[in-house]
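Novice: First the structure, then my questions, so here it is.
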Amino acid sequence: MLQPDGSLGPYAEAWQDMFARGLKSTTVEAVDRWAAVRAAADEIGPYITEREWLLGHIDTFARCNRSADPQLPTRERALVIDVVLESPFTPVIDPTGPVIAWDGASAEERRVWLAEQATGVLLRWYRHIRQIHR
């Protein structure tokens with residue numbers, strides 16, 4: 001948008017790029033982060049779900065992270081556990097971790113067992129399931 005002096009303001013390159021690519025500007029008013037997330041989800045509409053968006057971020061994290069002890073926020077970690085539970089993949093038991101009879105365990109027992117696993121172990125299984133290569 002033009003400034004009162006007729007210039008594009010401090011973001012001239014961004015505006016020019018946006019118009020060149022045919023993007024439209026929107027205004028999102030939010031009082032907190034979650035309201036902003038909801039407003040962005042409304043803006044995106046049917047193109048991508050919040051789950052797909054989060055999975056994309058986790059995919060990037062799983063691909064790029066080289067830490068020996070990676071950390072994930074609670075919500076992302078829960079989504080990784082959901083992906084493992086939804087897949088036909090049977091985790092190979094980590095000899096240093098807790099033991100479970102995977103085939104005989106209920107879904108809730110599996111979820112609790114996965115929650116006890118180290119984040120690095122969960123990400124290794126996640127990369128296998130999603131076929132992510134480092």
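The values are calculated or read from the model by the stated rules, or taken from the named source; none is laboratory data. The structure displayed is predicted, hence computed values, not measured ones. Because the Cβ atoms are built from the backbone with ideal geometry, glycine has one as well, and the counts that use them run over all protein chains shown.
Novice: Any idea which residue in region 38-81 is modelled with the lowest pLDDT, counting only those that are of a type in the set (A, V, I, L, M, F, W, C) and not in a helix (DSSP H, G or I)?
Specialist: 48
Novice: Assess whether residue 35 counts as being at pLDDT 70 or above, outside the structural domain of residue 122 (by TED's automatic domain parsing) and either over 30 Å from residue 118 (Cα atoms) or in a helix (DSSP H, G or I) (or both).
Specialist: In short, yes.
Novice: Could you grab me the full set of residues in region 103-134 that are touching a residue at least 60 places away in the same chain (Cβ under 8 Å), surrounded by 13 or more Cβ atoms within 10 Å (Cβ to Cβ) and out of contact with any Pro (no Cβ under 7 Å at 6 or more places or on another chain)?
Specialist: If we filter region 103-134 for residues that are touching a residue at least 60 places away in the same chain (Cβ under 8 Å), which is where we start, we get 123, 126-127, 130, 132-134.
Among the residues that remain, those that are also surrounded by 13 or more Cβ atoms within 10 Å (Cβ to Cβ) are: 123, 126-127, 130, 132.
Hits for region 103-134 are 126, 127, 130, 132.
Novice: Could you look through region 82-99, keep only residues that are surrounded by 10 or more Cβ atoms within 10 Å (Cβ to Cβ) and farther than 26 Å from residue 54 by Cβ, and pick out the one that is modelled with the lowest pLDDT?
Specialist: 98
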